[in-house]
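K.L.:
Below you'll find the structure I mean.
The values are calculated or read from the model by the stated rules, or taken from the named source; none is laboratory data. Please read all numbers here as calculations on a predicted model, not as lab measurements. Cβ placement follows ideal geometry from the backbone for every residue including glycine, while neighbour counts extend to all protein chains displayed. Note: areas computed on protein heavy atoms with side chains; ligands, DNA, RNA excluded. Shrake-Rupley method; radii C 1.70, N 1.55, O 1.52, S 1.80 Å.
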Amino acid sequence: MGLLLNDTSKNGVTNGTLHKKTFIEHFEQAPMYVAVLTFVGFGVGTIFGYLRDFMRAWGLEKRNVAQEREQQKDFVPLYQDFENFYTRNLYMRIRDNWNRPICSVPGPQFDLMERVTDDYNWTFRFTGRTIKNVINMGSYNYLGFAETDPNALKTVTKELQKYGTGICSTRQEMGTLDKHVELENLVAKFLGVEDAMVFGMGFATNSMNIPALVGKGCLILSDELNHTSLVLGARLSGATIRIFKHNNMQSLEKLLREAIIYGQPRSRRAWRKIIILVEGIYSMEGSIVQLPEIVSLKKKYKAYLYLDEAHSIGAVGATGRGVVEYFGMNPDDVDVLMGTFTKSFGAAGGYIAGKKGLVDFLRAHSHSAVYATSMCPPVAEQIIRAMKCVMGLDGTTQGLQRVRQLGKNTRYFRRRLHEMGFIIYGNDDSPVVPLLLYMPGKIGAFARRMLEKNIGVVVVGFPATPITESRARFCVSAAHTREMLDTVLNALDELGDFLQLKYSRFSKSSHPELYEETRFEFED
């Protein structure tokens, strides 16, 4: 699908030549034999899992997993034993690939504490050795602001000495400082909107603010691949939730049309509000939201749009202002702009931005503002430092150079993987790069062999992904040098041949459109 956009956003930055090219996303389907072998692998693992559970029940194998005490045998169980079947029998086999302790800043390289297991991953012990200079391909450090350079952190150190480490109060009581006001004004200026509010936790920004905006009698239309924080916030709101297929405009419009025609169940009254929940970049798929089409639909059907830019703010757009700038659109087209500081800005927390009336309402009604502790001042200063750098307010062009370097690194890394024959998901401009592994046995082998080559990767499998789509997820950073990326690519080329991971046949997308015809029109 191609989009030719060259509008000017409200913040005065022109989209330029960024989208005078085809908007390309890849969701290539694996060969049939790969899917069959994947199911066979899970089937064999399940059979042996039942066998081992039987042996544990009869005392033929040691039961390492935690269990209820004998004194609680008459209690209603806190959890169902079968729910942990996958954890006991499949996850434990490859558990060593997760929760590895890092003992340095998560920059382009990090240090890793070596650990070994003597009981097949049930427990671990540290060897005392540190694995140095592991190339970091898993952290969300998109612009490289996760750093310990004393010169860069002078202002953060100053604020730490002035304010201390914590506020010990909520925003509505005694927890609003001048640093929070400064940061909120800067975020609003950065995004080109009227006002913004910041929160101490990114996850809570979604889960605690969505219930303040919608409730019973409202309708939420949520992308099927939305993050758990969006899902939790939608469930806590008490609103009716309906799911549309990922980035599928026909599926979304079908739900919008039905919502307008039929209204609420039983009563058939009109919905109080209809709000569409989407993400800028989807963190597990690497795809970018089709924002122009969604804005067109929300205007056509008089719905609201809530955009989560956790992974896209700072990471895409000509000057790092996210998918709104990426498509050259006006920030006013999005009713609720949400994002986090935990990725591109190397800090913590999140924000909600938009019209002043919206932000003022959240200051009074957001559970996070009423009950949660305020963002600590050194973290706020780190965000201000990074954001000013991206905006060029520090008197340098370093921030813009980081944004451009991230784009170059992303396109280079993705192009090379395509050329090697791997199946990778997502948009060509997305720094989140999922590489499909498929078979469960290859998840552990891939991560272990990459670590042997001093490369740290994140591997993900069922139930976090569909059962046939286990993957390694790479996160490209502006701090990665070309030499680092080439080292990773050479290792992937070798490992791809060894583990037979080069499945690409450039086949048709496995995420087809719901309908052939287009059922919406663009607004002028």
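K.L.:
When only C-alpha pairs under 8 Å and at least 6 residues apart count, what is the relative contact order of the chain, in percent?
P.N.:
Across the chain, relative contact order equals 21 percent.
K.L.:
What do you reckon, how do VAL433, VAL44 stack up by accessible area (1.4 Å probe), largest on top?
P.N.:
Order by accessible area, largest first: VAL44, VAL433.
K.L.:
Something else about it: How much accessible surface area, in Å² rounded to 10, belongs to the heavy atoms of TYR140 with a 1.4 Å probe?
P.N.:
Solvent-accessible area, nearest 10 Å²: 70 Å².
K.L.:
Here's another thing I want to ask about it. Can you give me the distance in nm between label points at LYS162 and VAL44, each placed 7 Å from the Cα along the Cα-to-Cβ direction?
P.N.:
Calculated label separation equals 6.3 nm.
K.L.:
Positive end of the charge dipole of segment 319-404 (Lys, Arg +1 and Asp, Glu -1 on Cβ, about the Cα centre): tell me which of GLY350, VAL334, CYS376 has its Cα farthest that way.
P.N.:
Working it through, the farthest residue towards the positive pole turns out to be CYS376.
K.L.:
Let me ask something else about it. Work out the FRET efficiency for ASN454 and ILE243 from their Cβ-Cβ distance, taking R0 = 25 Å, and round it to the nearest 0.05.
P.N.:
With R0 = 25 Å, the Cβ-Cβ based efficiency is 0.05.
K.L.:
Related question: Run the simple label-point estimate for ARG482 and ASP119 please: 7 Å along Cα→C-beta, distance reported in nm.
P.N.:
For the pair ARG482/ASP119, the computed spacing is 5.1 nm.
K.L.:
Considering only the other residues whose Cβ falls under 11 Å of the Cβ of VAL359, what net charge follows from Lys and Arg at +1 and Asp and Glu at -1?
P.N.:
-1
K.L.:
So what does ASP335 come to for accessible area, using a 1.4 Å probe and Å² rounded to 10?
P.N.:
Accessible surface of ASP335 is approximately 40 Å².
K.L.:
Let me ask something additional. Expressed as a rounded percentage, what relative contact order does segment 263-388 have, with Cα pairs under 8 Å and six or more residues apart? All intermediate terms of the calculation are to be shown ahead of the outcome.
P.N.:
Values: 177 pairs, mean separation 21.6, N = 126.
Relative contact order for segment 263-388 comes out at 17 percent.
K.L.:
Using the Karplus curve 6.51 cos²θ - 1.76 cosθ + 1.60 with θ = phi - 60°, work out ³J(HN,Hα) for each residue of segment 322-336 in order, rounded to whole Hz, and write x for Gly and Pro.
P.N.:
So the Karplus estimates, Gly and Pro as x, are x, 6, 4, 6, 3, 9, x, 9, 8, x, 5, 6, 9, 6, 10 Hz.
K.L.:
What's the extension gain from LEU489 to GLU173 if we count 0.36 nm per residue and subtract their Cα-Cα distance?
P.N.:
Stretched out fully, the LEU489 to GLU173 stretch lengthens by 108.6 nm.
K.L.:
Beyond 29 Å between alpha-carbons counts as too far, so tell me which of LYS298/LYS356; LYS245/LYS300; LYS162/LYS408 fall in that bin. Let's see the in-between values first.
P.N.:
Numbers: LYS298/LYS356 21 Å; LYS245/LYS300 19 Å; LYS162/LYS408 39 Å.
Among LYS298/LYS356; LYS245/LYS300; LYS162/LYS408, the Cα-Cα distance tops 29 Å for LYS162/LYS408.
K.L.:
Now a separate question. List every DSSP H helix in the chain whose Cα atoms extend 15 Å or more along the helix's own long axis and whose mean Kyte-Doolittle hydropathy is at least 0.5.
P.N.:
Going by DSSP H runs, the hits are 32-57, 377-391.
K.L.:
Could you order HIS227, HIS26 by accessible surface area, starting with the largest, using a probe radius of 1.4 Å?
P.N.:
HIS227, HIS26
K.L.:
Let me make sure I get this right: for the chain, a, b and c are the square roots of the gyration tensor eigenvalues over alpha carbons, sorted descending. Under 1.5 in a/c it's rounded, otherwise prolate if a/b > b/c, else oblate. Which is it?
P.N.:
Because its axes are fairly even, with a/c under 1.5, the chain counts as rounded.
K.L.:
Further question on the same structure: Give me the distance in nm between label points sitting 7 Å out from Cα along the Cα-to-Cβ direction at CYS103 and GLN401, one decimal.
P.N.:
Placing both labels 7 Å along Cα→Cβ, they lie 3.4 nm apart.
K.L.:
A further question on this structure: Keeping every protein chain in place, order MET113, MET439 by accessible area at 1.4 Å, biggest value first, i.e. largest first.
P.N.:
If we order MET113, MET439 from most to least accessible, we get MET113, MET439.
K.L.:
I need the shape label for segment 387-471. Rule: rounded when a/c is under 1.5, else prolate if a/b > b/c, else oblate, with a, b, c from the alpha carbon gyration tensor.
P.N.:
The shape class here is prolate.
K.L.:
What share of the DSSP beta bridges in segment 158-302 is antiparallel, in percent to the nearest 5?
P.N.:
The antiparallel proportion sits near 10 percent.
K.L.:
Sequence neighbours fewer than 8 away in the same chain don't count; with that in mind, list the aspartates and glutamates whose C-alpha is under 19 Å from LYS216.
P.N.:
Within reach: GLU258.
K.L.:
Between LYS302 and ARG235, what FRET efficiency follows from the Cβ-Cβ distance if R0 is 30 Å, with the result rounded to 0.05?
P.N.:
Values: r = 25 Å, r/R0 = 0.82.
According to the calculation, E is roughly 0.75.
K.L.:
So, one more: At 0.36 nm per residue, minus the direct Cα-Cα distance, what do ARG52 and GLN500 gain on full extension? Give it in nm, one decimal, please.
P.N.:
Here the segment from ARG52 to GLN500 would lengthen by 158.3 nm.
K.L.:
Just the number, please: percent antiparallel of the DSSP beta bridges in the chain, rounded to the nearest 5.
P.N.:
Counting only bridges with both partners in the chain, antiparallel ones make up about 65 percent.
K.L.:
At 222 nm, what value in deg cm²/dmol follows for the chain if DSSP H runs of at least 4 each add -39500 (n - 2.57) and the sum is divided by all its residues, to the nearest 500?
P.N.:
Working: 16 runs with 186 residues, N = 524.
Counting only the DSSP helices, I get -11000 deg cm²/dmol.
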